[in-house]
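Here's the structure, in structure tokens; my notes come after.
The values are calculated or read from the model by the stated rules, or taken from the named source; none is laboratory data. Since the model is a prediction, treat every value here as computed from it, not as a measurement. Here Cβ is always computed from backbone atoms with ideal geometry, including for glycine, and neighbour counts include all displayed protein chains. Please note that ligands, DNA and RNA were not included when accessible areas were found on the heavy atoms of the full protein model with its side chains. Shrake-Rupley method; radii C 1.70, N 1.55, O 1.52, S 1.80 Å.
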Amino acid sequence: MNYISTRGKAPACTASEAILQGLAPDGGLYVPENLPFLRNLRYDEISSYPELAYEVLAPFFEGDELSGSLAEICFDAFDFPVLFHDFDDRRATLELFHGPTAAFKDFGARFLACSMERLLQNRDRKLTILVATSGDTGGAVAAAFYNRKNIEVKVLFPKGRVSERQKRQLTCWGGNISAYEVVGTFDDCQKMVKDAFMDQKLSEEWGLSSANSINLGRLLPQAVYYVYASLVFRATHDGHEPVIIVPSGNVGNCCGAYWAKLMGSPIERIALAVNANATIPDYLDNGIYRPRQSIATLANAMDVGAPSNMERLFHLFPTIDLFRREVSAWSVDDGTIRRTIKEVWDDSRYAICPHTATAERVRRDHFADAYSLVVSTAHPAKFESVVEPLIRTEVEIPGNLAALLEKPTSYTEVGVDYHLIF
Ligand SMILES: *Cc1c(COP(=O)(O)O)cnc(C)c1O
């Protein structure tokens, strides 16, 4: 399988090369040259999630140097469950938050870490991964790369702007993970990372690399749970295919859903739920794509005004007509997020996080009678300061998260200058 750049001005490459490079040399994003078609897989053939992952991903790694270790990578990366919560006989939630940092980013980050570790071993090379984080990404990346050979990680987060629980998840590692509390904003952190990459000499000396959501190694594993979930849903709902509603920010997660659908997964339709950052619903309304500055909301992992994976969706659906045929999207504001968390709790005593609430609102307002699957991207205990006052109950902290929160922390406070972290 070859990978090409969405901008079409870079040479085609293998999956491994795309994973090591991150961004294509022409500034575009890597996408598979064509999507493999799923063989007609039966539900009762699925023996475990990692085995299904191997089956789905094998064609993407055909002829690649990782193809021989792909099964091992899947068992290493997907060592936690994927669960469903049923509201009734039509409506379910797909819980993607049972990984080590209790958010769906664990799937992508762990698969990327397992792949990179093997690629570096083959090459006898070392890498240093730089991540600027406003909360969730840094934790998932730190957890996934912890103790991986030949890889060092430097996580930068803005002082006073991440929640206490998020800070603990960023600073509890030690070993090959270093955390830096930057006296500045998230934008300052991002600029430090950019400046470090621009410093050619430093960049080569440290083997700087990134692990953000544009990396192909984070995208591919996100198609797998849509294949899995749609097969399980159809088999347990009399052959009905679900509408899948995805809380979206940089649109990496829903891109995995579209890849799964185009490969032949039994999915009726894919809908996006966004917060007040309405770039995509506005595009659907007026046909003009206008990226913009982001607005801060309660669903902060989706605070994105210029979604970085949009180029991949445009590559799939290049005209507004094609885009409208496949994509629906609605924006949900903070007041409505609050109301929805409360409504779901009152209806069924099920706590959801603010991101999941955007998708649940879209289901209730636009797909009330459909067979549907809302994607739950994070455990509500990660956002207890929003959720608990609304449901007036403490959200129990799941075991995976509790274990992290109990570890001792260490980090270094630094000013806004990338030299300080090397
Ligand atoms: C990252 C994140 C999202 C947004 O996912 P994208 O792939 O950027 O669209 C939604 N919810 C949570 C909890 C996240 O961490």
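Structure above, values below:
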read-out: Label-point separation in nm, Thr185 to Glu62, each point 7 Å along Cα→Cβ; value: 4.8 nm
read-out: Approximate spin-label separation Glu394-Tyr43, in nm, with each point projected 7 Å along Cα-to-Cβ; value: 3.8 nm
read-out: In Å², nearest 10: area of Phe314 left accessible to a 1.4 Å probe; value: 50 Å²
read-out: Tyr289/Ser163 FRET efficiency (R0 22 Å; Cβ-Cβ; nearest 0.05); value: 0.10
read-out: Nearby aspartates and glutamates by direct alpha-carbon distance to Lys407 (threshold 12 angstrom, same-chain neighbours under 8 apart not counted); value: none
read-out: Counted charge near Glu413, where neighbours are those whose Cβ lies closer than 15 Å (Asp, Glu -1; Lys, Arg +1); value: +1
read-out: Part-to-part distance (alpha-carbon centres) for segment 370-422 and segment 195-220, which is given in Å; value: 25 Å
read-out: Residues in segment 107-136 reached by a label modelled at Asp79 [backbone nitrogen below 18 Å; 7 Å Cα→Cβ]; value: 107-119
read-out: Distance-filtered residues of segment 6-28 - backbone nitrogen under 14 Å, label point 7 angstrom along Asn122 Cα→Cβ; value: 13-21
read-out: Mean Cα-pair separation over length for segment 1-157, i.e. relative contact order, pairs under 8 Å, 6 or more apart, %; value: 16 percent
read-out: Surface per residue (accessible, 1.4 Å probe) for the chain, Å²; value: 40 Å²
read-out: Local net charge near His237, Cβ-Cβ under 13 Å (Lys/Arg +1, Asp/Glu -1); value: -3
read-out: When each of Lys105/Lys167; Lys167/Lys191; Lys167/Lys382; Lys149/Lys382; Lys159/Lys194; Lys154/Lys201 is checked by Cα-Cα distance, pairs over 22 Å; value: Lys149/Lys382
read-out: GluC sites (Glu not before Pro) restricted to segment 1-80 and DSSP loop, no more than 15 other C-beta within 10 Å; value: Glu33, Glu62, Glu65
read-out: Sequence-separation-based contact order of the chain, relative, with Cα cut under 8 Å and 6+ spacing, percent; value: 18 percent
read-out: Rounded percent of accessible protein surface that carbon and sulfur make up, the chain, 1.4 Å probe; value: 47 percent
read-out: Two-site label geometry, His237 and Lys407: point separation in nm, points 7 Å out along Cα→Cβ; value: 3.7 nm
read-out: Computed over segment 158-312: relative contact order in percent, which uses C-alpha pairs under 8 Å that are six or more apart; value: 18 percent
read-out: Neighbourhood charge, 11 Å Cβ-Cβ cut-off, centred on Glu55 and excluding it, Lys, Arg +1 and Asp, Glu -1; value: -1
read-out: Under 14 Å from the Leu322 label point (7 Å along Cα→beta-carbon), backbone N, segment 255-291; value: 259, 262
read-out: Length added when fully stretched, Ala368-Asp88, from 0.36 nm per residue minus Cα-Cα; value: 99.6 nm
read-out: Centre separation in Å (Cα based) which lies between segment 229-278 and segment 50-118; value: 16 Å
read-out: Longest DSSP-loop-exposure-free segment, trypsin sites (Lys or Arg not before Pro), the chain, at most 13 other Cβ within 10 Å; value: 150-291
read-out: Estimated Rh, the chain: Kirkwood, alpha-carbon pairs, angstrom; value: 21.7 Å
